[in-house]
Amino acid sequence: MALFLQVLTYLVVGVIFGGLHFNLIDQTKQNLLFAKRIIEQFIIVNTLSLSILRFVFNKPFVLLSKQYQTIFIIKYLLFATVVGIFVLMINMTLKGKLTFTQNIWTGKIKIFKYILQVFAIICFTLGLFLWIGTNWFIEFFGELTPEQFLFNLHSPVTGTASNVMESVINTPVLKFAGILIIFCILLLVTFKATYNEKVIINDAFLKIFMSLLALAILGKGVHYSITRLHLDKVKQAYFEDSTYIKDNYVDPKDVKLKFPEKKRNLVHIYLESYENSFYDKANGGYLDQNVMPELMKLTQEGVHFSESNTFGGPHQTYGSSWSVASMVNQSAGLPLKIPMGGNDYGKSGYFLPGATTIGDILNKEGYNQTIMFGADADFGGLTSFFTNHKDFKIFDVKYARQEGLIPQDYNVWWGYEDKKLYQYAKDEMTRLSKEGKPFNLTMENADTHFPDGYIENDTPRPFDSQYMNVFAHSQKEVVKLVRWIQAQPFYQDTTIILTGDHLSMDKTFFEGWDPSYHRTTTNVILNGHFESDNQKIKMVQRQFAPFDYYPTTLSAMGVKIPGHRLGLGTDLSSNEKTLIEKDGLQLVNDELARNSKFYNQEFVDESQFKKD
């Protein structure tokens, strides 16, 4: 049946355009010639259409019979119609049946033509930009939230992976330019087409048609962007004020934190895009094979919080779904919201200057602190964030070049690869452990960043998917680093925390997954000194957010927190309910998405911190 429909579709194309050629071009009207034209156009139009779809539009399955269902048949017929008309016009021109002559515009009509052309170009350019830009944005970054989209518009973008710019130039820019040029040629060239000395395409009609098309493209582009990027929700962030953050925020400045007599070191490793999804199904994952067996074993040795009865993690709440936002949530107990009132995160040297972070607290307690990235810390304003909060040594790709650890022109993936990051981290921890002060070393890896991750030459490849191979290798190297720390003399006084920063944004890998499966990020706390005995801590069926790691991290270091809450977070080792457990995930997300004057004035506003 499928093969029959496929052949019938091709035959319909042949009959339509064979008939048009026979009636519009041929002088003699013989039945044999009619049959010849049908066969001729059956071959020419279908071959051209299929070739363009296969090799220009990269549709590898266009010849498969099973594709020829109702929707695909309609789409193919529409596409073949365009190709067929183009072939027909060429033949009519060559036979002298169709002629094109320049159309001269004068006086007021000429002015009207210019106005119409400018209007059409502006509308078409904006609509095409929104349409193609939105498509590329989603294809490259996945389904991002509006706050992440707008955050990236406000914050520094230096330090991105080189393939981001390559992808922008090679895909949306080239496509945008090509389509726009074709549109402009059709719009700006003045001509009229005649068939057998009768005008069939008037230049004025074409200009009006192209202008209406441009207006339709603009409307479609605006609607498409608003729908796919969820920009309609942005109005909540600007106009719908909420007091939720103000009502639930516990200011660390008002809490008398009590550190243990012997202060503990902290090693916090943010794991790029690490999800429990990469475990096998028996352990809460989505895959048939366990991609992260070493990390699973390590997690079983420590304290691990889950929203389920197996391996799980926090809900990815509003303002926590990308790396910078995750760090703000976990170290400041706050979501990262869209900047208001002209404030930009990091560009001016300030980043949430009113917030109190773990860095601020540990600095006050006399800790030496280092933050490490294989990337450029300027990306997303992280240099400003860790400079403001407080006295961190920033060990990023610029620092590595400056210190001669890598050549000045060295650039792999986001800067330098994780293999180097882990070795530098060992050296830095060794140095910090000899300074005679407690230390905080925070770091984030990057090889598991989308798309597909960075795969080193010597990476084992047991899986068909590169992304799975990258994760399998990455988690093994992370565990090796942890095992090294555990073998060091300073480990007995050190708490190690590993947290996935956010859900992976690799659109291709997760395409087709069951939408009912709840994806969560990984977490484990090793050598924690909680006030509660580890056996008494409720670790499963916990409904929590990334900002709950804020007080939990301090608690794991043996710090006593009166009331068990800091920022918007709740110490997960306590019996205190989290905001999600108390109010529900939907309400928390809805309220965090709304504008908060309190957030803007207390945490974002830079005026009170700027020097005259």
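Before moving on, here are some points about what is shown:
- Helical mean residue ellipticity (222 nm; -39500 (n - 2.57) per DSSP H run of 4+; nearest 500) of the chain: -14000 deg cm²/dmol
- Rounded to the nearest 20, the Cβ-based charge dipole of region 2-96 about its Cα centre (Lys and Arg +1, Asp and Glu -1) stands at 120 debye.
- Annotation for residue 204 and residue 391: the two label points, set 7 Å from Cα along the Cα-Cβ direction, are 7.9 nm apart.
- Order of 566, 126, 63, 421 under a 10 Å beta carbon neighbour criterion, fewest first: 63, 126, 421, 566
- Residue 115 versus residue 181: modelled label distance in nm, points set 7 Å from Cα along the beta carbon direction: 3.2 nm
- Helical segments meeting 24 Å axial Cα length and Kyte-Doolittle 1.6 threshold in the chain (DSSP H): 2-24, 70-94
- Take every pair of alpha-carbon atoms less than 8 Å apart whose residues are at least six positions apart; their mean separation over the length of the chain yields a relative contact order of 20 percent.
- Convex hull volume of region 451-505 per residue (C-alpha atoms, cubic angstrom): 95 Å³
- Normalising the average separation of contacting C-alpha pairs (under 8 angstrom, six or more residues apart) by the number of residues puts the relative contact order of region 2-96 at 37 percent.
- Extension gain, residue 85 back to residue 262 (0.36 nm per residue minus Cα-Cα distance, nm): 55.5 nm
- Restricting attention to region 489-596, lysine pairs at least eight places apart or on different chains and with alpha-carbon atoms under 22 angstrom apart total 7.
- Kirkwood-Stokes translational diffusion coefficient of the chain, alpha-carbon pairs, 10 °C, 1.306 mPa s, µm²/s: 56 µm²/s
- Gain on full extension, evaluated as 0.36 nm per residue between residue 586 and residue 463 minus their Cα-Cα distance, stands at 40.6 nm.
- Bridge type composition, the chain - antiparallel percent by DSSP, nearest 5: 45 percent
- Sites residue 309 and residue 78, calculated FRET efficiency, Cβ-Cβ separation with R0 35 Å, nearest 0.05: 0.10
- Residues 231, 78, 298 arranged by fewest to most Cβ contacts within 10 Å: 78, 231, 298
- Enclosing the Cα atoms of region 498-586 in their convex hull gives a volume equal to 120 cubic angstrom per residue.
- Cross-link table 297/476; 393/420; 75/95; 256/337, entries beyond 21 Å C-alpha to C-alpha: 75/95; 256/337
- For a straight C-alpha distance cut-off of 15 angstrom, the aspartates and glutamates reachable from residue 437 (same-chain residues fewer than eight places away being disregarded) are 261, 365, 391, 428, 493.
- Panel note: the C-alpha atoms of region 351-443, placed on their principal axes, show extents of 37, 31, 18 Å (largest first).
- Basic side chains Lys and Arg get +1 at the Cβ, acidic Asp and Glu get -1 at the Cβ, and with that the dipole of the chain about its Cα centre reaches some 2140 debye.
- As a proxy for reagent exposure, ranking 93, 357 by other Cβ atoms within 10 Å from fewest up yields 93, 357.
- Comparing 552, 325, 436 along the charge dipole axis of the chain, the residue lying farthest to the positive side is 325, per the Cβ-charge model.
- Amide N of region 73-90 lying under 17 Å from the label point, which is placed 7 angstrom from the Cα of residue 220 along Cα→Cβ: 74-83
Read-outs: derived from the displayed coordinates by stated rules, not from any lab. These numbers were taken from a predicted model, which means no experiment stands behind them. No Cβ is skipped: glycine too gets one built from the backbone with ideal geometry, and neighbour counts run over all protein chains shown.
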